[in-house]
Amino acid sequence: VTELQDTIQALAKKKTPDFVKLRKERGQNVIGQVTVEAALLGMKATPLMVCETSMLDPKVGVKYRGYTLKECNEKLPKWGSSKIGLPEAAYWLLLTGEIPTDAQVKALNAELHKREALPESVTSLIDSLSKDIHPMTQLSMGLLALQPNSSFYKKYREGANKADLWKFVLEDSLDLVAKIVPLSARIFRNVFFDGKHIPSDTSLDWSGNYAHMLGVNNDDGFKDITRLYLMLHADHEGGNVSAHTTHLVGSALADPYLSFASGVNGLAGPLHGLANQECLKWLKATKASLGDTEPTVEVMTKFAQDTLAAGKVIPGFGHGALRITDPRYTIQSEFAQENFPEDPLYKLAKVCFQAIPPVLLATGKVKSPWPNVDALSGCCMQNYGLTQEDYYTVIFAVSRALGCTSNLVWSRVMGLPIERPKSVTLDWLLEKSA
Ligand code: MLT
């Protein structure tokens, strides 16, 4: 922890002059325009907030501290013979701006294992929940039940120095990232395996252990797809619903448990994280409706045209902020091609990739017709026997804990104030825009 803290502090020191310059000398400079459309349509593409951990280029995809996801996958330390850049190494990168060494990642893993035990109050709450409560709701409840452990909450009440608050956010972030693994695995085993739990294996890495505790497959391939999934979904700059909600709630100095639980609630929305389960459902339903018909590009083109003509949506295509195929899709697709090229759902997804974007483009209404990460992530999990679609967004949340809580650390490092944009009425907009 000391090394992690020192590295964050060193970067903070390096960045302080920039922050001061921006505030004191350039505070009134214009960096964008606020249009009526921005106010009405979700503030899309309006540069209104700061997020240090990652930034998205519409034509390149997200970069974690300047590294594309492809670079992250190549450069981040690996576990044993695995070829996947580790998500906990991505966590270090998001927090510090540096690619960690193997030794630093090993030490971080040991630290996370040390912190992973769940209090009895949390396990008994989770075990008491009815199985028909959606796993995302259970996760949110579990995170809230962990909140009394918050160091930030305690230290703030004791009157800690404002300049030290980020250290307590880091404390909570490490605890939360450590505990979300057994918490999420417990929810999975309660809902789908009658509460038969699998103990943590502390000889494994953070995500390998998560795969192990889920217990659907002992394959190294399942551990690897879990590592890849958790590395790819960790952060997507600050404006997506889960990151922005976590940031907004954190800006009121609510502790990381309260803040991230709020982000998780947003992630549970079908237009955000829940989309991955919707996409898999769509792929499966499409496959079933095709019956014995081979899904060729021609067949899927006609299928997509008919779907749109019937006023239905094709999930998994398009992204509010990307103008290319989501690199997270491409990296997962390369993994699938190498590891399970014959999987029938993957084969169907590949044909969809060829057939659907041209159909969407032809409507003239779609700016971004390319597949996003959700179009394939469920399919990958399904291949390894994780077929419980209702659980998919929880895996997303485990990953997003890395980005959202790193972001909270940096918001406190920078001492960002409470977020409080101005809202206006339609009458005001009519008058102003005339
Ligand atoms: C995400 O990963 O958060 C999603 O792609 C949504 C977004 O970026 O808005």
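The values are calculated or read from the model by the stated rules, or taken from the named source; none is laboratory data. Computed from a prediction, not measured in an experiment: that's the story for all the values here. Note that each Cβ is placed from the backbone with ideal geometry, even for glycine, and that neighbours are counted across all protein chains shown.
Values as computed for the structure displayed
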| read-out | value |
| --- | --- |
| Pairs with Cβ under 8 Å, 6+ apart, first in the stretch 228-241 and on the phi > 0 side of the Ramachandran plot, second within 9 Å of the ligand (Cβ to nearest atom) and in a helix (DSSP H, G or I) | Glu237/Ala243 |
| Conditions (1) farther than 30 Å from Ala12 by Cβ; (2) touching an Asp or Glu at 6+ places or on another chain (Cβ under 9 Å); (3) crowded, with 21+ Cβ neighbours inside 10 Å; (4) in contact (Cβ under 8 Å) with a residue 24 or more places away in the chain; number of the one not met by Gly195 | (3) |
| Hey, Thr7 surrounded by fewer than 20 Cβ atoms within 10 Å (Cβ to Cβ), closer than 30 Å to Tyr229 by Cβ, touching a residue at least 40 places away in the same chain (Cβ under 8 Å) and touching an Asp or Glu at 6+ places or on another chain (Cβ under 7 Å) or not | yes |
| The lone exception for Asp205 - which of (1) surrounded by fewer than 24 Cβ atoms within 10 Å (Cβ to Cβ); (2) in contact (Cβ under 8 Å) with a residue 40 or more places away in the chain; (3) under 19 Å from Ala401 (Cβ atoms) it fails | (1) |
| Residue ranges of helices (runs of 4 or more DSSP H) in the stretch 369-434 with at least 3 members more than 26 Å from Phe353 (Cα to Cα) | 392-413, 426-433 |
| Any hit, the stretch 116-136, residues being among the hydroxyl-bearing types (Ser, Thr, Tyr) and touching a helix residue (DSSP H, G or I) at 6+ places or on another chain (Cβ under 6 Å) | no |
| Matching residues in the stretch 37-95 - criterion: being within 30 Å of Ala434 (Cβ to Cβ) and out of contact with any His (no Cβ under 8 Å at 6 or more places or on another chain) | Glu37, Ala38, Ala39, Leu40, Leu41, Gly42, Met43, Lys44, Ala45, Thr46, Pro47, Leu48 |
| Boolean, Ala211 is touching a Phe, Trp or Tyr at 6+ places or on another chain (Cβ under 7 Å) and not charged (D, E, K, R) | yes |
| Entirely in the stretch 234-350, the helices (runs of 4 or more DSSP H) that have 3 or more residues that are among the polar types (S, T, N, Q), over 21 Å from Leu69 (Cβ atoms) and away from the ligand (no atom under 16 Å from the Cβ) | 297-309 |
| Test result for Arg420, closer than 30 Å to Ala163 by Cα and within 14 Å of the ligand (Cβ to nearest atom) | no |
| Selection status of Lys281, touching a residue at least 60 places away in the same chain (Cβ under 8 Å) and over 21 Å from Val181 (Cβ atoms) | yes |
| Positions within the stretch 214-233 being more than 15 Å from the ligand (Cβ to nearest atom), in contact with a Gly (Cβ under 6 Å, 6 or more places away or on another chain) and modelled with pLDDT of 95 or more, in sequence order | Val216, Lys223 |
| Unmet criterion (only one of (1) surrounded by 19 or more Cβ atoms within 10 Å (Cβ to Cβ); (2) modelled with pLDDT under 95) for Ala211 | (2) |
| 2 or more residues of a type outside the set (Asp, Glu), touching an Asp or Glu at 6+ places or on another chain (Cβ under 7 Å) and farther than 28 Å from Ser251 by Cβ: qualifying helices (runs of 4 or more DSSP H) within the stretch 89-179 | 102-115 |
| Pair list, Cβ under 6 Å, 6 or more apart: the stretch 45-62 residue under 19 Å from His319 (Cα atoms), other residue among the aromatic types (Phe, Trp, Tyr) and not in a loop (DSSP other than H, G, I, E, B) | Ser54/Tyr64 |
| Output for the stretch 63-92, where each listed residue is touching a residue at least 40 places away in the same chain (Cβ under 8 Å), surrounded by fewer than 20 Cβ atoms within 10 Å (Cβ to Cβ) and within 19 Å of Glu237 (Cβ to Cβ) | Thr68, Lys70 |
| Leading residue by the ranking (nearest to Ala12 (Cα to Cα)) among those in the stretch 56-77 that are out of contact with any Gly (no Cβ under 7 Å at 6 or more places or on another chain) and in a loop (DSSP other than H, G, I, E, B) | Gly66 |
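A quick yes/no check of all residues on (1) more than 20 Å from the chain's Cα centre (by Cα); (2) modelled with pLDDT under 95; (3) of a type outside the set (A, V, I, L, M):
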{"position": "Gly27", "(1), (2), (3)": "yes, no, yes"}
{"position": "Glu37", "(1), (2), (3)": "yes, no, yes"}
{"position": "Thr53", "(1), (2), (3)": "no, no, yes"}
{"position": "Leu56", "(1), (2), (3)": "no, no, no"}
{"position": "Gly66", "(1), (2), (3)": "no, no, yes"}
{"position": "Asn73", "(1), (2), (3)": "no, no, yes"}
